[in-house]
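Asker: What follows is a single structure, and I will ask about it in a moment.
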Amino acid sequence: MDQHRLSRRLDWAVGAGVAMLHAIGVATWFRDSNAWLALALRDSVPIVWLVLIPTWAVLGTGRVWLRWPAAMGLLAVWGAIYSGEFFGGGLPFVPPILFTIVIVALVCSAVTRVSGLQLRGASPDDLSLTPQFSIRSILIATALVAVTIAALKWLEPRLAYDPLGDRYGIARDLAIRSENLLTGGTVEVMRGVFPRNNRELFLAVAMASVALGGLWSVLRPGPVWLRLTTLALAIPILAAYMSAAGRMDSTERFGQTGELAMALASYAALAAVTALPLRLFDYRLMRAAAAVQIAKRGIYVVDKVTSTEKPSQPIAETSP
Amino acid sequence: MNRTDRSLDLIQIASPCEADWDVMPGDDRSRFCGDCQRHVYNLTAMSRPEAEKLVFEREGRLCVRFYRRHDGTVLTADCPVGLRGVRRRLARSLAAACGLFMAILGSTALGSFASRWLPRPAGPPSQAFSEWLSPTNNAPPLVGVMVMGGCPAPPLATPPTPVRTVPLPLTEVEPPLPGE
């Protein structure tokens, strides 16, 4: 078989495999399973969808007026499947966690878009890019790490389990108010933000972050191994922090760190695997300037191997 | 006529045609043109020996399409640069397919391994997160040292009849009430 055709078929096979994983995840939501992979998919699929849909709406290819209504439609489908209204079951997490995940995904995607990055079809030259040292990247990465460490340090006491008032909070207050309204009850609502709320919000940010990290690792140009290794190191550190910050006792900290790391890793892995077909079909999260620069050097942004058609006009003339 | 004279790079299109290749029936190598009722051959989808054989056996009397580079050479399917690209792409696709397969196998093995390795059987992500959100404090009481801290009301020896005054969080399973 022709090698090019074989590679295309393999790409499509990977795409089908990814679709199958998502189908297993949705199916397991309604029909329980004992396999750890199926359970991990069951829990990961709804959250990864909540990250993927807004990210695609902001960073995806195609027309905006088509993307945003489609994203709304996909969110409606998500709600139909996971709200329990039509098929039974219940939400994966309380609504504040789910809203926070969507907001984090939207904000991160918007920041990425403002910085000029968007999902684009890459040329063969883009595909052979290698990592390059950049002072600006080092400065940005250092600043981000410093801000993250400071924020985690500030949050640490606020995430600790409080046996006296931990279980009250925003979500619970809303539930009490709703029940009071419906039943005419007079249960008093405790005001304020409590450690459980902080943990819920932190968990939402952590889940969205690792999923976005998986997408970032796979979709940026250049080799994925360095980014995946960084992500694989960051997830256990995050899990260890969550375990240390959230629990009262240290007897089960090791076990909880492992469980949290596996849980977060499953989210990151599913997001990365979902983006893999896009990478195989030569889509990358990159700036438009790279494509124009290549066109100016006289290389057409077409597949050199299969295309025999010279573009009607060079890309440099058609690009803004 | 020597080999140099018969180079594929010297062929010329005598009468350029405006027919649309994309609408012609056929495959990548040859398609049938309905306007001229003739086969059109795509030299760029053939190796250089194949293309040369086709052109020189027909003495140039055939319809072809090809891509000529800026240096005047004709692009063929066995172009070393293109072949390298195709092989790289094939290797990448193979790596992705094998990686996905290994990831599925590996995560299944990891799940069963972690069940033995971790102090508790590894549960799904939702279980780990629920445990983190609402920890169950199973730590043994500290003995032999002076301890200080917030002290909730101790649990009753005989649990009272459960009366639900506050709704439980959505993620928890409500205990059945008496009479339900």
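No value in this document is a laboratory result; all are computed from the given coordinates. Model, not experiment: these values are computed from the prediction. FYI the Cβ positions are ideal-geometry reconstructions off the backbone, even for glycines, and counts take in every protein chain you see.
Asker: Grab the other residues whose beta carbon is less than 13 angstrom from that of A:Trp49, score K and R as +1, D and E as -1, and report the net.
Answerer: Values: positive: A:Arg42; negative: A:Asp43.
Local charge sum for A:Trp49: 0.
Asker: Here is a follow-up. Could you list B:Met46, A:Met20 so that the one with the fewest beta carbons within 10 Å of its beta carbon is first and the one with the most is last? Mind dumping the intermediate values first?
Answerer: Details: B:Met46 23, A:Met20 11.
Least crowded to most crowded, the residues run A:Met20, B:Met46.
Asker: Calculate the mean, over all residues of peptide A:91-98, of how many other protein chain Cβ atoms lie within 10 angstrom of the residue's Cβ. Numbers along the way, then the final one.
Answerer: Details: counts 2, 4, 7, 4, 1, 0, 3, 0.
Across A:91-98, the average partner-chain Cβ count within 10 Å equals 3.
Asker: Can you list the residues, at least 5 places off or on another chain, whose amide H is less than 5 Å from the amide H of B:His39, using H built in the peptide plane?
Answerer: B:Cys33
Asker: Residues of A:258-270, mean number of Cβ from any other protein chain within 10 Å of their own Cβ, rounded to a whole number? Show your work: numbers first, answer last.
Answerer: Values: counts 7, 14, 5, 2, 10, 10, 3, 3, 6, 1, 0, 3, 2.
Across A:258-270, the average partner-chain Cβ count within 10 Å equals 5.
Asker: Please compute the average number of Cβ atoms from other chains found within 10 Å of each residue's Cβ in peptide B:93-101.
Answerer: Details: counts 11, 3, 2, 12, 9, 2, 4, 8, 3.
Mean partner shielding for this stretch: 6.
Asker: Right, another one. Listing B:Glu52, A:Glu179, B:Glu18 from the residue with the fewest other Cβ atoms within 10 Å to the one with the most, what is the order?
Answerer: Numbers: B:Glu52 19, A:Glu179 16, B:Glu18 5.
Arranged by neighbour count, lowest to highest, B:Glu52, A:Glu179, B:Glu18 become B:Glu18, A:Glu179, B:Glu52.
Asker: Using the Cβ atoms and a cut-off under 12 Å, what net charge is assigned to the surroundings of A:Leu276, where Lys and Arg are +1 and Asp and Glu are -1? List each step's numbers first, then the result.
Answerer: On the way: positive: A:Arg279, B:Arg92; negative: A:Asp11.
Net of charged neighbours comes to +1.
Asker: I need to check one value: relative contact order of the range A:1-44, counting alpha carbon pairs closer than 8 Å and at least 6 residues apart, in percent. Don't skip to the end; give the middle numbers.
Answerer: Working: 22 pairs, mean separation 14.5, N = 44.
In percent, rounded to a whole number, it is 33.
Asker: Let me ask another. Provide B:His70, B:His39 in ascending order of the number of other Cβ atoms located within 10 Å of each residue's Cβ, fewest first. Let's see the in-between values first.
Answerer: Numbers: B:His70 6, B:His39 15.
Going from sparsest to densest Cβ surroundings: B:His70, B:His39.
Asker: Also: Just to confirm a number: summing +1 for Lys and Arg and -1 for Asp and Glu over residues other than B:Asp35 whose beta-carbon lies under 11 angstrom from that of B:Asp35, what do you get? Please report the intermediate quantities before stating the final value.
Answerer: On the way: positive: B:Arg38; negative: B:Glu18, B:Asp20.
Neighbour charge sum, excluding B:Asp35 itself: -1.
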